[in-house]
Each structure stands twice: as structure tokens, then as C-alpha cells.
Amino acid sequence: MSESAFFIDHSRCIGCQSCVQACAECDTHRGVSMIHLETIQRSDSVQTAPQVCMHCEDPICARVCPADAIKKTPDGVVQSSLKPRCIGCSNCVVSCPFGVPKYSAQIDQMMKCDMCYDRSSIGKKPMCASVCPSGALTYTTMEEIQRTRSGIPINTWRFGEEIVKTKVYVMVPREVERIDVSLVQISGTPSPLAADPYDVALMLEGAQ
Amino acid sequence: MKKAEFSVRGSDTLHAFAWGSATASVLVIGIVIGSRGLKDFDPALVSYAGASVLAAFGLGYRYAMWLRRPPTRLYWRRGWQVFLQPRRLPANIAHLGRIFLDNFVMQRFIEKRSSLRWTAHWFLAWGCLLAAAITFPLSFGWVRFETARDSQEIYKAFMFGFPVGSFRLGTPIAELTFNILDIAAVMVLIGVFFALWRRSRDHGAMSVQQFANDLLPLIMLFAISITGLFLTASTHLMHGLHYVFLSQLHAITVILTLLYLPFGKFFHIFQRPAQLAIDFYKRAGIEGEQAICVRCAQPYGSKMQMEDLKTLQEMLCIKYQLADGTHYQDVCPACRRKNLALAQDGLWKSLGTDVRGR
């Protein structure tokens with residue numbers, strides 16, 4: 001049986017926030033949750049989407065880092081910035097194609113999902129995958145994921161002409177070989193009524 | 001850990017070699033001039049001075065190589081440009097004083113990470129800086145002490161050959177001067193103790209730490225400090241027992257650390273001031289025009305930084321132009337995440353795949 005890998009299926013996410021809570025339990029960034037859980041567009045959709053670091057083979061965050069502070073472990077996990085080096089410029093935050101790194105102004109440092117390296121480096125599941133009830137985040141073997149899902153895992157993305165290969169996989173239909181990312185907007189059916197100023201969904205949307 | 005991709009060309013090596021040589025040459029010239037043609041140079045400390053020259057070469061080489069990286073070079077230049085803008089310069093100098101005190105003297109950003117880390121780092125940093133401030137000028141012949149001609153009880157200090165003060169033996173200032181390296185050694189040992197304490201108990205640190213990068217520097221600092229204190233103990237407590245051997249052992253630990261200085265974790269001492277430059281860059285960015293996300297139409301950062309990133313991405317052959325004419329750099333991180341989920345979901349929808357059974 002092959003080694004375990006990380007698989008995301010955004011469309012399985014039910015927005016329960018378990019991953020967000022569990023992430024903060026990780027020893028490498030205790031008390032701070034590194035996972036992103038996006039509400040896509042609250043007024044038009046109930047969809048939520050978790051985003052962990054995809055751990056790129058050639059991480060763009062590391063390439064644009066002026067301090068040379070972002071390193072990969074030999075097993076391909078891209079770590080948070082090295083504390084002695086990170087100068088807090090946020091280049092990685094705004095360059096990552098997946099929008100993953102977080103800049104903490106308080107400590108003037110970039111931090112990000114490191115696949116719970118204290119756990120995954122000794123064969124345990126990352127915290128988020130260990131608690132996800134819907135299988136949106138799964139840490140298992142390739143054989144197991146192929147046996148239990150109808151889709152296939154892929155790890156090749158295209159952003160414009162930039163091809164990015166990642167350590168983390170995303171579940172897609174069998175016909176797909178690569179995700180070509182273009183801008184996707186979601187818009188609901190136009191309402192015949194004037195916008196309700198007390199529409200809670202719109203208020204929440206604005207508060208994001 | 002694997003280093004981020006950066007191909008080193010032959011010209012980069014030559015360039016860095018030239019800067020390394022220039023840095024070492026400047027130090028050699030500084031030693032010759034500062035010691036008044038080596039008149040004040042103490043031959044007993046020649047091994048320290050020699051290792052310092054080699055370290056200077058290594059630092060010049062490494063710094064030049066670091067600046068050859070496109071992002072480093074770009075932001076190094078931008079930091080200076082923003083800092084030196086005439087209309088900003090007075091305010092920038094005042095701000096530099098504040099952030100120097102906060103980030104360098106007090107190291108508050110480390111305190112916010114954890115008080116244990118801050119305690120360790122503050123003692124290590126100031127212990128090392130104190131020791132360096134004494135050791136280097138002495139080794140280079142820039143500072144020397146001699147007894148006054150008319151009294152063996154009075155010590156006179158000279159810097160670059162000029163008298164800068166005198167003190168009587170047995171006074172507090174004399175005790176402080178003669179024992180300042182011991183004080184520095186104790187400070188470093190306190191820092192090493194706290195650092196090792198943290199590294200032996202913090203599971204997060206333990207999972208990512210590496211011997212060569214995280215533990216070896218602490219071992220080196222411990223070795224320097226403890227052998228330095230052994231010299232004092234040998235002098236005052238053991239009537240000079242094994243002093244020659246201990247002084248050679250101490251010299252070896254210092255020389256090895258000096259040679260490690262440019263290539264290991266200690267290089268961050270020279271790299272870290274870039275944090276101050278980025279602070280000015282970020283302030284200019286906040287005051288300037290903001291970048292607006294093409295997807296959500298919300299501001300998400302400074303336009304200057306996004307434009308600089310596009311330039312940088314071109315240098316690095318990162319091709320983010322999208323087919324619809326937009327640039328992926330113009331999409332905010334939150335929209336990127338939402339977009340990915342919609343793209344993945346859209347694949348299932350476009351192929352008419354039933355969500356059930358997935």
C-alpha cells in the first residue's frame with residue numbers, strides 16, 4: 001500500500017468549521033488556525049470551501065520571497081516561513097495561486113498550513129483531515145481514495161500559462177486531467193424586488 | 001530542507017567572489033589603518049583577526065549572492081528608494097529610530113511570538129553583540145589598554161591610538177572592563193539554556209528543527225561561552241592551571257563559529273535589517289493607491305506591491321496572465337480560494353455528473 005496523501009473535495013464541504021477548530025490544535029502553530037474556510041457567496045449559495053496549503057512542487061511563495069525564508073522538507077511539505085528570516089513583506093500571501101499563506105502583523109511573520117508536520121511527519125493524519133465529517137478533507141492512500149470515490153484525484157493546475165503541480169490532490173471527474181483556473185463568478189437569480197436593507201445574508205456577505 | 005529553486009550562474013559566483021574579496025580587503029585595510037600600521041596589533045590575537053577576515057569574505061560573498069536573487073534585489077532597491085525619498089526622509093529617519101528600538105533593541109516582535117523565545121533570543125543576541133563589541137576591536141588592534149607611565153595602578157584605554165579614558169585598578173569600572181566578556185558569556189549561557197529548554201519541550205519546534213541549522217549554533221555559542229569562562233576560572237580559581245590549553249580550545253571554538261557565521265543560521269544577523277526596509281515599503285504602500293480585486297472589487301493590498309510583483313513574476317517566468325485578459329495577480333487571495341472551489345465544483349457540473357455518489 002502506498003503512502004498517505006492529502007485529498008480535497010471542496011464540493012463535499014458542509015461548513016461545519018471542525019477543521020478550523022482542529023487546525024488550531026496543531027503543535028507547530030498552537031492556538032492559531034491556518035486553514036481557510038470560505039463562504040463562497042452567502043446570499044446566493046450555501047457553498048463553503050476549505051483551503052489548506054497545496055504544497056506545490058515548485059512553490060511560488062518561496063520563489064517570490066526576498067528573504068529566502070520559505071523551505072520545503074525532503075518529503076515535499078512547504079513550511080511556514082523561517083522565523084529568523086521572514087521580514088513580513090507579504091509577497092507570499094499575495095502571490096500564492098491558492099491564496100494560502102497568512103501574514104500575522106502582531107508577530108510580523110508569515111504562517112501557513114504545514115500539513116500538521118508534527119503529526120504527518122510521523123504518519124499521523126493532519127488535524128483537519130482527522131475531524132472532517134464529510135470527507136471534504138481526507139488523508140489516506142491513493143488506493144483507498146480511488147476505491148471509495150467516483151472521481152479521480154489530480155494535482156495539476158493551470159493559472160494562465162503557469163502550470164502548478166502540488167503534493168495535495170483535488171477530486172475531479174474522471175475525464176479531467178488538469179484544472180484550468182479562470183475567474184468564476186457566482187450570481188443568483190436577479191430579484192424583482194428592491195434590495196432589502198435588513199437582509200441578513202447580505203449583511204453577512206458585507207461583513208466578510 | 002530543500003532550497004527554493006534559484007539557479008546560480010557563473011557570473012553570479014564571480015560577482016559574489018568579487019564582493020567577498022572587497023569586504024575582506026576593506027577589513028584588512030581597516031585593521032592596518034586602525035592599528036596604526038599594526039603598531040597596536042596584538043600578535044597573540046592574530047588567529048582571531050585572520051578568522052574575522054575569512055568571515056568577512058564569506059559574509060560579502062553570501063550577501064552578494066543573496067542580493068542576486070531577483071526578489072531580494074528588487075525589494076532591497078525599493079526599500080532604499082522609498083526610504084530616501086526627499087519628502088519622506090525626515091519622517092523616515094524618525095520612524096527608523098522607533099523601529100530600531102522596537103525591533104532591534106527590544107525585539108518586541110519576538111516577544112509576541114512567545115516570552116520564552118524572546119528571553120532566549122534577547123540574552124543570546126545581546127550577549128553575542130556585547131562580546132563582539134569587545135573582541136573584534138581588540139583583535140583588530142583598534143582598542144588597546146596600557147598602564148600609565150607614572151602609576152601601575154592606572155589603566156589607560158586607547159581607540160585607534162587616541163586616549164579615550166583611564167581607570168584605577170580595583171574600581172567598579174575596572175572590574176566591569178576586565179569581566180565584561182564573562183558577563184557576555186553568562187548572558188549567552190542563559191540564552192542557550194532557555195533556547196534548549198524550549199527546543200526540548202515544544203513539540204512544534206521539535207518536529208521542524210534541524211541539527212545543523214537550529215542546534216549546532218547553540219552548541220557553538222555554548223562552547224565559546226563555557227571555554228571563555230574556563231579561562232577566567234583557570235586564572236582566578238586554579239592558579240592558571242591548563243591556561244594555554246584552554247585558551248587554544250577557546251580560540252578554536254571562536255574561529256569555527258566565525259567561519260560558520262556567513263553560511264549558517266547566524267547569517268540572519270546581517271539579513272534581518274531588511275525587515276526595517278520592508279517596514280518603510282509597507283508604510284508607503286498603505287499611504288499610496290490600493291489594488292482592487294478584479295473579482296470582488298475590494299482593496300486587498302498596495303498597488304505598488306502588486307505592480308512590483310508582476311515585474312518580479314516576469315523575471316521569474318511566472319506567467320499569471322489569464323485567457324480572458326485579466327491577470328491572476330489582480331485577484332485577491334480570498335477570491336482565489338473561492339474561485340478554486342467554484343472551478344472544481346464547475347467541473348462536476350459541466351460534465352453533468354451527479355453529485356450523489358461522489
**Q.** Failed criterion for B:Leu256 (all others in (1) among the aliphatic types (A, V, I, L, M); (2) out of contact with any strand residue (DSSP E or B) (no Cβ under 9 Å at 6 or more places or on another chain); (3) surrounded by 15 or more Cβ atoms within 10 Å (Cβ to Cβ); (4) modelled with pLDDT of 95 or more hold)
**A.** (3)
Q. In this structure, does B:Ile173 turn out to be surrounded by fewer than 16 Cβ atoms within 10 Å (Cβ to Cβ), assigned to a helix (DSSP H, G or I) and touching a residue at least 24 places away in the same chain (Cβ under 8 Å)?
A. no
Q | region B:41-78, residues that are β-branched (Val, Ile, Thr) and more than 14 Å from chain A (Cβ to nearest Cβ) | A | B:Val46, B:Val53
Q. Counting only residues that are basic (Lys, Arg) and either in a loop (DSSP other than H, G, I, E, B) or more than 25 Å from A:Ser11 (Cα to Cα) (or both), how many does region B:317-349 have?
A. 1
Q.
For region B:295-315, which positions are at the interface with chain A (Cβ under 9 Å from one of its Cβ atoms) and touching a strand residue (DSSP E or B) at 6+ places or on another chain (Cβ under 8 Å)?
A. B:Tyr300, B:Gly301, B:Gln305, B:Met306
Q: Name every residue in region A:159-177 that is basic (Lys, Arg) and more than 10 Å from chain B (Cβ to nearest Cβ), in order of residue number.
A: A:Lys165, A:Lys167
Q: Residue by residue through region A:40-60, note down the ones that are closer than 23 Å to A:Gln21 by Cβ and of a type in the set (A, V, I, L, M, F, W, C).
A: A:Ile40, A:Val46, A:Ala49, A:Val52, A:Cys53, A:Met54
(Q) If a residue must be modelled with pLDDT under 95 and of a type in the set (Ser, Thr, Tyr), how many such residues does region A:5-32 contain? (A) 2
Q: Quick one: count up the residues across region B:60-101 that are outside any helix (DSSP H, G or I) and farther than 17 Å from B:Gly285 by Cβ.
A: 2
Q) Of the residues that sit in region A:64-78 and are facing chain B (nearest Cβ under 7 Å) and surrounded by 24 or more Cβ atoms within 10 Å (Cβ to Cβ), which one is nearest to B:Arg78 (Cα to Cα)? A) A:Pro66
Q | Which listed residue, of B:Asp330, B:Asp324, is at pLDDT below 90 and within 11 Å of chain A (Cβ to nearest Cβ) | A | B:Asp324
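Let's see how each residue does on (1) within 18 Å of B:Pro71 (Cα to Cα); (2) of a type in the set (Val, Ile, Thr); (3) touching a residue at least 24 places away in the same chain (Cβ under 8 Å):
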{"site": "B:His242", "(1), (2), (3)": "no, no, no"}
{"site": "B:Tyr260", "(1), (2), (3)": "no, no, yes"}
{"site": "B:Gln298", "(1), (2), (3)": "no, no, yes"}
{"site": "B:Met306", "(1), (2), (3)": "yes, no, yes"}
{"site": "B:Lys319", "(1), (2), (3)": "yes, no, no"}
{"site": "B:Val331", "(1), (2), (3)": "no, yes, yes"}
{"site": "B:Arg336", "(1), (2), (3)": "no, no, no"}
{"site": "B:Ala343", "(1), (2), (3)": "no, no, no"}
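The values are calculated or read from the model by the stated rules, or taken from the named source; none is laboratory data. Keep in mind that what you see is a predicted model, and the values were worked out from it rather than measured. Please note: Cβ atoms are built from the backbone with ideal geometry, for glycine as well, and neighbour counts cover all protein chains shown.
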